[in-house]
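Here's the structure, in structure tokens; my notes come after.
The values are calculated or read from the model by the stated rules, or taken from the named source; none is laboratory data. These numbers were taken from a predicted model, which means no experiment stands behind them. A quick note on method: Cβ atoms are made from the backbone with ideal geometry, for glycine too, and the neighbour counts reach across all protein chains shown.
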Amino acid sequence: MKIVEQYPFHFADADFEIYWTDQRILILPIRQLCDALGLNLPGQLERIKRDVVLAKQLYMVRAMVTRSDGVSSEQEIACIGYRRFDYWMGTIDHMRVKPEQRERLILFKEELADAVYAYFRSQRLPEDILAELDAVQPPAVQKYHKLLDQASQLHTEVEKHETRLGGLEDRVIKLEARLVGTDFISREQAKQYLDAVGLLGDLMKKTKPKLASPYAVIHNDVKNFFHVPSYQLIPSPEFGKVMEYLAKQWEHEAPERPVPEIFRSRQDRFM
């Protein structure tokens, strides 16, 4: 996983960076969050690793880190997926944070608990009980609960459709493979391709700093040049040509620098 863009993120009266990765995932640096809240970093990392929900969203990435003396260097840092950030905050003991942050964390956890209740209540309680509960609530609260009821129901429908679409996509890929009469690139070849795109994208960020997302540009160029809807549908016999294409892009961007070995090597032995 590589960081593509960085954006500002404000929490607990402090400003952080939130990262957008080449896998289209938002992640937050754990150390900065622990420092702001006064939490012990090693202890939190162990808690995250023990929690099966949080552990799935724990990532190690390389990023530029600036020390207190102003010196910056590239380091490997631990990050938490933004989609699990609120859950993580909800599991933290308020007595472990800085005294000035405790009341704010308690309020946050109360809001989180109320939001979770409002989201899941329609999946557990019958409509007549929900109506009774809402009858004594202010109109604004009733409207809020109704919206979350709808969101919960919609999410259930989306999950059903995603499961169906996922199975359909697998069947289509297998069918295309039989119709075309060839195999698509292997997992090892796909990894080599992604690693090469990552290196080339890192290079283009330096040679073309105004380019918003070089990684996406490279993927699109490959798809257009080889007439495939996804790199995963590149025929295995064409893999060498794809790597040669990427190597030429490297030579074009940095003619004075040698092409990395990953662009030259072949993964045919894994086929």
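Can we say Ile18 is in a strand (DSSP E or B), farther than 17 Å from Gln101 by Cα and at pLDDT 90 or above? Write out each step before concluding.
Working: in a strand (DSSP E or B): yes; farther than 17 Å from Gln101 by Cα: yes; at pLDDT 90 or above: no.
For Ile18, the condition - in a strand (DSSP E or B), farther than 17 Å from Gln101 by Cα and at pLDDT 90 or above - is not met.
Mind listing whichever residues of the stretch 70-115 are charged (D, E, K, R) and assigned to a helix (DSSP H, G or I)?
Arg83, Arg84, Asp86, Arg96, Glu100, Arg102, Glu103, Arg104, Lys109, Glu110, Glu111, Asp114, listed by residue number.
Identify, from the list Arg24, Arg31, Arg62, Arg47, the residue that is in a loop (DSSP other than H, G, I, E, B) and either over 22 Å from Leu112 (Cβ atoms) or not hydrophobic (A, V, I, L, M, F, W, C) (or both). Even if it seems obvious, please write down each step before you answer.
Details: Arg31 fails: in a loop (DSSP other than H, G, I, E, B); Arg62 fails: in a loop (DSSP other than H, G, I, E, B); Arg47 fails: in a loop (DSSP other than H, G, I, E, B).
Being in a loop (DSSP other than H, G, I, E, B) and either over 22 Å from Leu112 (Cβ atoms) or not hydrophobic (A, V, I, L, M, F, W, C) (or both) holds for just one of Arg24, Arg31, Arg62, Arg47, which is Arg24.
Yes/no matrix, rows are residues, columns are (1) among the basic types (Lys, Arg); (2) more than 30 Å from Leu211 (Cβ to Cβ); (3) outside the structural domain of Arg102 (by TED's automatic domain parsing); (4) in contact with a Gly (Cβ under 7 Å, 6 or more places away or on another chain):
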| residue | (1), (2), (3), (4) |
| --- | --- |
| His10 | no, no, yes, no |
| Arg24 | yes, no, yes, no |
| Cys34 | no, yes, yes, no |
| Leu39 | no, yes, yes, no |
| Leu45 | no, yes, yes, no |
| Lys49 | yes, yes, yes, no |
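For Asp15, indicate whether it is in contact with a Lys or Arg (Cβ under 6 Å, 6 or more places away or on another chain) and among the acidic types (Asp, Glu). Write out each step before concluding.
Numbers: in contact with a Lys or Arg (Cβ under 6 Å, 6 or more places away or on another chain): no; among the acidic types (Asp, Glu): yes.
In short, no.
Which is of a type in the set (S, T, N, Q), in contact with a helix residue (DSSP H, G or I) (Cβ under 7 Å, 6 or more places away or on another chain) and either in contact (Cβ under 8 Å) with a residue 60 or more places away in the chain or on the phi > 0 side of the Ramachandran plot (or both), of Gln249, Gln192? Spell out how you get there, then give the answer.
Details: Gln249 fails: either in contact (Cβ under 8 Å) with a residue 60 or more places away in the chain or on the phi > 0 side of the Ramachandran plot (or both).
The match here is Gln192.
Every residue, every condition in (1) crowded, with 17+ Cβ neighbours inside 10 Å; (2) under 30 Å from His145 (Cα atoms); (3) of a type in the set (Ser, Thr, Tyr), yes or no:
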residue	(1), (2), (3)
Gln6	no, no, no
Gln23	no, no, no
Ala36	yes, no, no
Tyr82	no, yes, yes
Thr91	no, yes, yes
Leu107	no, yes, no
Glu110	no, yes, no
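Just one of (1) loosely packed, with under 15 Cβ neighbours inside 10 Å; (2) modelled with pLDDT of 90 or more trips up Leu54, so point out which.
Result: Leu54 fails condition (1) only.
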